[in-house]
Amino acid sequence: MIGSVISFARTMVGAAVLTTTIAAGAHALPQFTFGPGAVGLNGGNVTANAITVTNFSTIALTPFLGGATFTTTGVLPVVGFTLDNSLASAPGLNQPTGYGLYFGFDGTGFQNTPTLAPNTTGVFTTLNFQLFGYNVTGPVSYSPTNITPTGVVAPILLGSGTLIDGTVGANLISGTVLPNANAETTFTVAPGAAAFFVDPNPFYNAVFSSFINNPGQVVVSGAGFVISQGGGSANFLSIPTPEPASMALLGAGLLGLAALRRRPA
(Lines give C-alpha, C1' and ligand atoms only; values in the text may rest on other atoms or scores of the structure.)
Protein backbone atom coordinates (compact mmCIF):
# COMPACT_ATOMS: atom_id res chain seq x y z
CA MET A 1 0.00 0.00 0.00
CA ILE A 2 1.13 3.59 -0.57
CA GLY A 3 1.11 4.32 3.16
CA SER A 4 3.41 1.40 3.97
CA VAL A 5 5.84 2.34 1.21
CA ILE A 6 5.93 5.97 2.37
CA SER A 7 6.66 4.95 5.97
CA PHE A 8 9.32 2.49 4.82
CA ALA A 9 10.95 5.28 2.81
CA ARG A 10 12.15 6.96 5.99
CA THR A 11 14.33 3.94 6.77
CA MET A 12 15.59 3.46 3.24
CA VAL A 13 16.45 7.13 2.70
CA GLY A 14 18.90 6.77 5.57
CA ALA A 15 20.58 3.86 3.79
CA ALA A 16 20.74 5.84 0.55
CA VAL A 17 22.26 8.82 2.34
CA LEU A 18 25.04 6.53 3.58
CA THR A 19 25.64 5.27 0.03
CA THR A 20 25.73 8.75 -1.46
CA THR A 21 27.96 10.05 1.33
CA ILE A 22 30.62 7.49 0.43
CA ALA A 23 30.46 8.44 -3.25
CA ALA A 24 30.37 12.16 -2.55
CA GLY A 25 33.55 11.92 -0.52
CA ALA A 26 35.53 11.83 -3.77
CA HIS A 27 33.25 13.58 -6.27
CA ALA A 28 29.99 15.48 -6.09
CA LEU A 29 27.12 13.43 -7.45
CA PRO A 30 25.56 14.76 -10.66
CA GLN A 31 22.42 16.79 -10.01
CA PHE A 32 19.18 16.48 -11.98
CA THR A 33 15.68 18.01 -12.08
CA PHE A 34 12.48 16.12 -12.90
CA GLY A 35 9.29 17.89 -14.00
CA PRO A 36 6.34 15.50 -13.43
CA GLY A 37 3.73 18.09 -14.42
CA ALA A 38 5.27 18.44 -17.88
CA VAL A 39 4.06 14.94 -18.82
CA GLY A 40 0.70 15.07 -17.05
CA LEU A 41 1.74 13.66 -13.66
CA ASN A 42 0.27 15.26 -10.51
CA GLY A 43 3.43 16.62 -8.95
CA GLY A 44 5.88 19.50 -8.80
CA ASN A 45 9.51 19.69 -9.84
CA VAL A 46 12.14 17.83 -7.82
CA THR A 47 15.87 18.59 -7.85
CA ALA A 48 18.14 15.87 -6.45
CA ASN A 49 21.27 13.84 -7.08
CA ALA A 50 20.09 10.42 -5.88
CA ILE A 51 16.93 8.35 -6.13
CA THR A 52 15.89 6.10 -3.25
CA VAL A 53 14.08 2.88 -4.19
CA THR A 54 12.72 -0.23 -2.54
CA ASN A 55 13.29 -3.64 -4.12
CA PHE A 56 10.64 -6.30 -4.74
CA SER A 57 12.19 -9.09 -6.83
CA THR A 58 12.36 -12.82 -7.48
CA ILE A 59 15.67 -14.57 -8.17
CA ALA A 60 15.75 -18.12 -9.57
CA LEU A 61 19.01 -20.13 -9.46
CA THR A 62 19.94 -23.02 -11.79
CA PRO A 63 23.12 -25.02 -10.91
CA PHE A 64 25.76 -24.78 -13.65
CA LEU A 65 29.47 -25.72 -13.70
CA GLY A 66 29.82 -25.70 -9.92
CA GLY A 67 28.00 -22.41 -9.64
CA ALA A 68 24.63 -21.27 -10.91
CA THR A 69 23.01 -19.16 -13.55
CA PHE A 70 20.32 -16.82 -12.31
CA THR A 71 17.33 -14.93 -13.62
CA THR A 72 15.77 -11.99 -11.84
CA THR A 73 12.64 -9.93 -12.34
CA GLY A 74 11.13 -7.25 -10.17
CA VAL A 75 9.93 -3.76 -9.51
CA LEU A 76 11.72 -0.86 -7.81
CA PRO A 77 9.26 1.73 -6.45
CA VAL A 78 10.73 5.20 -6.01
CA VAL A 79 10.18 6.28 -2.41
CA GLY A 80 12.17 9.50 -2.28
CA PHE A 81 15.06 11.66 -3.43
CA THR A 82 18.16 13.07 -1.76
CA LEU A 83 20.16 16.18 -2.57
CA ASP A 84 23.67 16.45 -1.14
CA ASN A 85 22.85 13.83 1.52
CA SER A 86 19.61 15.52 2.65
CA LEU A 87 16.01 14.73 1.79
CA ALA A 88 14.89 16.53 -1.38
CA SER A 89 11.39 17.98 -1.67
CA ALA A 90 9.27 16.01 -4.16
CA PRO A 91 5.75 17.53 -4.16
CA GLY A 92 3.07 14.95 -4.86
CA LEU A 93 5.30 11.86 -4.80
CA ASN A 94 3.39 8.85 -3.40
CA GLN A 95 0.55 11.09 -2.20
CA PRO A 96 -3.12 9.96 -2.49
CA THR A 97 -3.83 12.54 -5.22
CA GLY A 98 -0.28 12.74 -6.51
CA TYR A 99 1.93 10.53 -8.63
CA GLY A 100 4.33 7.60 -8.40
CA LEU A 101 7.47 6.36 -10.13
CA TYR A 102 8.86 2.87 -10.48
CA PHE A 103 11.44 0.84 -12.38
CA GLY A 104 10.44 -2.54 -13.82
CA PHE A 105 13.41 -4.79 -14.58
CA ASP A 106 14.63 -8.24 -15.63
CA GLY A 107 18.10 -9.71 -15.85
CA THR A 108 20.31 -12.78 -16.03
CA GLY A 109 23.75 -13.68 -14.75
CA PHE A 110 26.15 -16.24 -13.32
CA GLN A 111 27.50 -16.77 -9.80
CA ASN A 112 30.22 -18.99 -8.34
CA THR A 113 28.00 -20.91 -5.87
CA PRO A 114 24.94 -23.10 -6.61
CA THR A 115 22.95 -21.35 -3.87
CA LEU A 116 23.24 -18.07 -1.99
CA ALA A 117 26.26 -18.37 0.33
CA PRO A 118 28.65 -16.07 2.23
CA ASN A 119 31.25 -16.43 -0.55
CA THR A 120 28.82 -15.82 -3.43
CA THR A 121 30.10 -13.52 -6.14
CA GLY A 122 28.93 -13.14 -9.71
CA VAL A 123 28.11 -10.92 -12.62
CA PHE A 124 25.12 -9.81 -14.62
CA THR A 125 25.06 -10.94 -18.24
CA THR A 126 21.90 -9.01 -19.15
CA LEU A 127 19.89 -6.34 -17.39
CA ASN A 128 16.96 -4.36 -18.81
CA PHE A 129 14.76 -1.78 -17.13
CA GLN A 130 12.01 0.71 -17.83
CA LEU A 131 11.18 3.80 -15.75
CA PHE A 132 7.45 4.54 -15.48
CA GLY A 133 5.38 7.32 -13.96
CA TYR A 134 1.68 7.17 -13.08
CA ASN A 135 -1.01 9.21 -11.38
CA VAL A 136 -2.29 7.73 -8.12
CA THR A 137 -5.95 6.75 -8.46
CA GLY A 138 -6.21 4.39 -5.49
CA PRO A 139 -4.22 1.95 -3.34
CA VAL A 140 -0.96 0.68 -4.90
CA SER A 141 0.91 -2.43 -3.75
CA TYR A 142 4.06 -4.25 -4.83
CA SER A 143 4.99 -7.91 -5.16
CA PRO A 144 8.25 -9.78 -5.90
CA THR A 145 6.39 -11.66 -8.66
CA ASN A 146 4.75 -8.68 -10.38
CA ILE A 147 6.79 -6.23 -12.48
CA THR A 148 3.83 -3.84 -12.76
CA PRO A 149 2.56 -2.68 -9.33
CA THR A 150 -1.02 -3.64 -8.52
CA GLY A 151 -3.31 -0.62 -8.67
CA VAL A 152 -1.26 1.34 -11.22
CA VAL A 153 -3.43 2.72 -14.01
CA ALA A 154 -2.11 3.97 -17.39
CA PRO A 155 1.64 4.11 -16.60
CA ILE A 156 3.71 6.49 -18.71
CA LEU A 157 7.06 5.20 -20.04
CA LEU A 158 9.73 7.78 -19.17
CA GLY A 159 13.00 6.00 -19.97
CA SER A 160 14.80 2.69 -20.32
CA GLY A 161 18.24 1.15 -20.20
CA THR A 162 20.39 -1.93 -20.67
CA LEU A 163 23.44 -3.42 -18.97
CA ILE A 164 26.90 -1.91 -19.20
CA ASP A 165 28.34 -3.98 -16.35
CA GLY A 166 27.23 -5.24 -12.95
CA THR A 167 28.09 -7.55 -10.08
CA VAL A 168 26.29 -9.56 -7.41
CA GLY A 169 27.52 -10.74 -4.05
CA ALA A 170 26.55 -11.58 -0.49
CA ASN A 171 26.98 -10.31 3.06
CA LEU A 172 26.77 -12.34 6.25
CA ILE A 173 24.85 -10.36 8.88
CA SER A 174 23.79 -11.90 12.20
CA GLY A 175 24.17 -15.35 10.70
CA THR A 176 21.97 -14.54 7.70
CA VAL A 177 23.29 -14.52 4.15
CA LEU A 178 22.02 -11.44 2.34
CA PRO A 179 22.45 -10.66 -1.38
CA ASN A 180 23.74 -7.37 -2.75
CA ALA A 181 24.11 -5.99 -6.26
CA ASN A 182 25.64 -3.10 -8.16
CA ALA A 183 25.00 -2.23 -11.79
CA GLU A 184 25.79 0.39 -14.38
CA THR A 185 23.29 0.68 -17.22
CA THR A 186 22.61 2.94 -20.14
CA PHE A 187 19.75 5.43 -19.91
CA THR A 188 17.61 6.56 -22.83
CA VAL A 189 14.75 9.04 -22.54
CA ALA A 190 11.52 7.61 -23.95
CA PRO A 191 9.91 9.23 -26.99
CA GLY A 192 7.53 11.96 -25.86
CA ALA A 193 8.96 12.08 -22.32
CA ALA A 194 11.77 14.61 -22.80
CA ALA A 195 9.86 17.35 -20.93
CA PHE A 196 9.98 15.26 -17.72
CA PHE A 197 13.78 15.51 -17.68
CA VAL A 198 14.12 19.23 -17.08
CA ASP A 199 17.85 19.41 -16.38
CA PRO A 200 20.42 18.73 -17.70
CA ASN A 201 19.53 19.01 -21.36
CA PRO A 202 20.46 16.70 -23.00
CA PHE A 203 19.91 14.38 -20.05
CA TYR A 204 22.41 11.88 -18.64
CA ASN A 205 22.97 8.69 -20.62
CA ALA A 206 23.73 6.22 -17.81
CA VAL A 207 22.60 5.12 -14.34
CA PHE A 208 24.57 3.59 -11.48
CA SER A 209 22.53 1.63 -8.94
CA SER A 210 23.41 -0.14 -5.70
CA PHE A 211 21.23 -2.50 -3.66
CA ILE A 212 21.49 -3.72 -0.07
CA ASN A 213 19.24 -5.94 2.06
CA ASN A 214 18.53 -6.49 5.74
CA PRO A 215 17.44 -9.61 7.65
CA GLY A 216 13.73 -10.24 7.13
CA GLN A 217 13.75 -8.80 3.60
CA VAL A 218 15.14 -11.96 1.97
CA VAL A 219 13.32 -15.31 1.98
CA VAL A 220 14.61 -18.53 0.39
CA SER A 221 12.11 -19.88 -2.13
CA GLY A 222 12.84 -23.16 -3.89
CA ALA A 223 16.20 -22.94 -5.65
CA GLY A 224 16.31 -19.16 -5.33
CA PHE A 225 15.04 -16.37 -3.10
CA VAL A 226 12.70 -13.40 -3.04
CA ILE A 227 13.33 -9.87 -1.80
CA SER A 228 10.57 -7.74 -0.31
CA GLN A 229 11.22 -4.10 0.62
CA GLY A 230 14.94 -4.37 0.09
CA GLY A 231 16.61 -1.06 -0.51
CA GLY A 232 18.83 0.76 -2.91
CA SER A 233 19.74 3.99 -4.62
CA ALA A 234 20.35 5.17 -8.16
CA ASN A 235 22.47 8.01 -9.52
CA PHE A 236 22.53 9.40 -13.04
CA LEU A 237 25.80 10.03 -14.82
CA SER A 238 27.22 10.78 -18.25
CA ILE A 239 29.58 8.37 -19.98
CA PRO A 240 31.49 8.82 -23.23
CA THR A 241 29.90 7.34 -26.34
CA PRO A 242 32.23 5.40 -28.66
CA GLU A 243 33.65 7.34 -31.61
CA PRO A 244 32.57 6.01 -35.04
CA ALA A 245 36.19 5.07 -35.79
CA SER A 246 36.40 3.10 -32.55
CA MET A 247 33.20 1.24 -33.39
CA ALA A 248 34.57 0.40 -36.84
CA LEU A 249 37.80 -0.88 -35.28
CA LEU A 250 35.84 -2.99 -32.81
CA GLY A 251 33.74 -4.41 -35.64
CA ALA A 252 36.86 -5.32 -37.60
CA GLY A 253 38.30 -7.05 -34.56
CA LEU A 254 35.16 -9.10 -34.03
CA LEU A 255 35.17 -10.14 -37.69
CA GLY A 256 38.76 -11.22 -37.32
CA LEU A 257 37.91 -13.34 -34.28
CA ALA A 258 35.05 -14.93 -36.19
CA ALA A 259 37.40 -15.79 -39.07
CA LEU A 260 39.88 -17.40 -36.69
CA ARG A 261 37.13 -19.54 -35.16
CA ARG A 262 36.13 -20.79 -38.59
CA ARG A 263 39.73 -21.65 -39.60
CA PRO A 264 40.37 -25.44 -39.60
CA ALA A 265 42.61 -26.70 -36.80
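The values are calculated or read from the model by the stated rules, or taken from the named source; none is laboratory data. Fair warning: this is a prediction, and the values are worked out from it, not measured in the lab. No Cβ is skipped: glycine too gets one built from the backbone with ideal geometry, and neighbour counts run over all protein chains shown.
Whether any residue in the range 91-109 is modelled with pLDDT of 95 or more and among the β-branched types (V, I, T) is what I want to check. Within the range 91-109, one or more residues are modelled with pLDDT of 95 or more and among the β-branched types (V, I, T).
Taking the conditions (1) aliphatic (A, V, I, L, M); (2) within 22 Å of A50 (Cα to Cα); (3) modelled with pLDDT under 95 in turn, A223 satisfies each one other than (2). When residues in the range 185-204 are screened for being outside any strand (DSSP E or B), closer than 16 Å to L29 by Cα and not hydroxyl-bearing (S, T, Y), 2 of them pass.
Cβ-Cβ contacts under 7 Å between residues 6 or more apart (or on different chains), taken from a first residue in the range 137-165 that is in contact (Cβ under 8 Å) with a residue 24 or more places away in the chain to a second residue that is crowded, with 16+ Cβ neighbours inside 10 Å and among the charged types (D, E, K, R), are listed as I164/E184; D165/E184.
The rows are residues; the columns are (1) modelled with pLDDT of 95 or more; (2) surrounded by fewer than 21 Cβ atoms within 10 Å (Cβ to Cβ); (3) touching a Gly at 6+ places or on another chain (Cβ under 8 Å); (4) not in a loop (DSSP other than H, G, I, E, B).
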| position | (1), (2), (3), (4) |
| --- | --- |
| F8 | no, yes, no, yes |
| T11 | no, yes, yes, yes |
| T33 | yes, yes, no, yes |
| A38 | yes, yes, no, yes |
| G44 | yes, yes, yes, no |
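The set of residues from the range 136-163 being crowded, with 19+ Cβ neighbours inside 10 Å and either among the acidic types (D, E) or in contact with a Pro (Cβ under 9 Å, 6 or more places away or on another chain) (or both) comprises V136, V140, Y142, P149.
From V207, V219, grab the single residue that is hydrophobic (A, V, I, L, M, F, W, C), surrounded by 19 or more Cβ atoms within 10 Å (Cβ to Cβ) and part of a strand (DSSP E or B). Full working, then the answer.
Details: V219 fails: surrounded by 19 or more Cβ atoms within 10 Å (Cβ to Cβ).
Just one listed residue meets the conditions, V207.
May I ask you to verify whether P200 is surrounded by fewer than 16 Cβ atoms within 10 Å (Cβ to Cβ), modelled with pLDDT of 95 or more and on the phi < 0 side of the Ramachandran plot? Spelling it out, P200 is indeed surrounded by fewer than 16 Cβ atoms within 10 Å (Cβ to Cβ), modelled with pLDDT of 95 or more and on the phi < 0 side of the Ramachandran plot.
Can you confirm whether T126 is touching a residue at least 12 places away in the same chain (Cβ under 8 Å), exposed (fewer than 15 other Cβ atoms within 10 Å of the Cβ) and within 19 Å of N55 (Cβ to Cβ)? Show your work before the answer.
Values: touching a residue at least 12 places away in the same chain (Cβ under 8 Å): yes; exposed (fewer than 15 other Cβ atoms within 10 Å of the Cβ): yes; within 19 Å of N55 (Cβ to Cβ): yes.
Judged against the criteria, T126 is a match.
Only one entry of V152, V198, V123 meets the criterion of being in contact with a helix residue (DSSP H, G or I) (Cβ under 9 Å, 6 or more places away or on another chain), more than 17 Å from N213 (Cβ to Cβ) and among the β-branched types (V, I, T), and that entry is V198.
The C-beta contact set for the range 46-69 (first residue on the phi > 0 side of the Ramachandran plot, second residue of a type in the set (S, T, N, Q) and part of a loop (DSSP other than H, G, I, E, B), distance under 9 angstrom, 6+ apart or interchain) comprises G66/N112; G66/T113.
Within the range 158-177, the residues that satisfy the criterion of being in contact with a strand residue (DSSP E or B) (Cβ under 6 Å, 6 or more places away or on another chain) and of a type outside the set (S, T, Y) are L158, G159, G161, L163, I164, D165, G166, V168, G169, A170, N171, V177.
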